[in-house]
Amino acid sequence: MGNINIFPSYKCNLDCLFCAGGGKEGSKDIRDLTTCEIIKKLDDVVDSNSMVAFSGGEPTLRADLTYLIQYASDKGATILLTTNATKLSDFNLASELVDAGVDIFSITLRGHNAKFHDYLTQTKGSFDRTFAAFKNLSCLRDNYGYRFAIHLKILVSKPTVKYMPQIIELVSREFPKPYAIELTGLAFVGNARGNMDEIAIKLTDAVPYVRKTIDAGKQHGQTMRVMDIPPCILKDPSYFKYYKPWDNPQHYDDVDEEYTSVNIEYEEPELIKGPQCRECIKYNECTGVTYSYAKIFGFDELKPIINQNE
Ligand code: SF4
């Protein structure tokens with residue numbers, strides 16, 4: 001038994017420039033699994049030690065999402081729901097999902113104001129709806145005794161990097177405190193691949209902004225976390241403690257090794273390290289970069305760390 005990523009719907013109600021799926025269109029090549037097919041996957045893989053991650057597309061577009069979450073939660077699994085949260089601006093849906101057993105809501109905030117956010121999502125009103133969702137979830141967490149975490153995700157992209165500290169300012173000023181703010185590297189598949197010129201940035205060029213954003217978070221007492229941007233690119237050892245990958249780093253070796261995660265739809269690995277990584281003291285705690293990033297930018301930026309104070 002193990003962990004599983006479920007993609008209940010490949011369609012979305014937003015059309016983000018950096019969507020790893022097909023945005024509003026969804027994926028033309030992959031059909032959505034039926035309720036019974038998903039239940040069968042859950043029965044095959046999930047027990048009380050499992051993490052079940054629901055993402056997409058946008059999972060809240062599925063009418064049976066509450067049922068599926070309840071089913072997985074009843075097996076004792078930890079439930080992660082990755083969502084753009086626009087539909088959780090409806091308090092009833094937000095509380096239904098909380099009741100069904102979501103343990104972690106992972107919500108991406110694209111920009112530091114409505115105009116910029118809605119430009120990146122290509123959907124007018126999306127900022128206001130995500131903002132309302134955040135308030136609903138915070139209300140359920142803080143006033144009704146529910147125990148779930150809200151992770152706020154910021155994607156590190158070319159248009160976003162210089163505004164990331166301002167997103168921290170906004171969150172710290174306007175939103176009730178999230179459990180963690182995560183800075184995440186991009187995967188260049190789906191819409192993101194088509195919009196490469198507009199959104200792709202070398203992680204080495206993004207890192208000064210990443211460090212500035214962490215500093216802004218620290219100043220406001222936020223819990224900061226970095227994923228998919230490895231320690232060797234973060235460079236300064238005082239920032240290494242913020243690097244906390246989701247998955248087991250042992251799953252992500254070099255290009256030729258078999259992918260052992262239980263992602264049921266993708267044949268390619270999601271994350272990858274370079275052959276030189278075997279010399280690095282961080283090898284066992286690092287998941288490397290996204291596979292699609294490595295396909296575009298290669299492994300040259302990955303410089304093995306030989307001693308901790310380097
Ligand atoms: S050299 Fe490889 S293992 Fe070391 S920090 Fe960089 S990506 Fe991770």
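Worth a mention:
- Partnerless Cys - the chain, beta-carbon criterion under 4.7 Å: 12, 36, 139, 232, 277, 280, 286
- Taking 137, 33, 271 as the candidate residues, the one with maximal mean-square fluctuation in a Gaussian network model of the chain, Cα springs under 10 Å, is 33.
- Region 4-297, dipole about Cα centre (Lys/Arg Cβ +1, Asp/Glu Cβ -1), debye to the nearest 20: 1200 debye
- Once the C-beta distance of residue 30 and residue 297 is scaled by a Förster radius of 35 Å, the resulting FRET efficiency is 0.85 to the nearest 0.05.
- Per-residue [θ]222 nm for the chain (sum of -39500 (n - 2.57) over DSSP H runs n ≥ 4, rounded to 500): -9500 deg cm²/dmol
- Mean separation of Cα pairs under 8 Å and 6 or more residues apart, divided by the residue count, gives the chain a relative contact order of 15 percent.
- Viscosity 1.002 mPa s, temperature 20 °C, Stokes-Einstein D of region 4-297 from Kirkwood C-alpha radius, µm²/s: 110 µm²/s
- Order of 36, 16, 280 - criterion: other Cβ atoms within 10 Å of each residue's Cβ, fewest first: 36, 280, 16
- DSSP bridge orientation in the chain - percent antiparallel, rounded to nearest 5: 5 percent
Bear in mind that the values in this text are calculations on the coordinates, not laboratory data. These numbers come from a predicted model, not from an experiment. With ideal geometry, Cβ positions are generated from the backbone for all residues, glycine too; neighbour counts draw on all protein chains shown.
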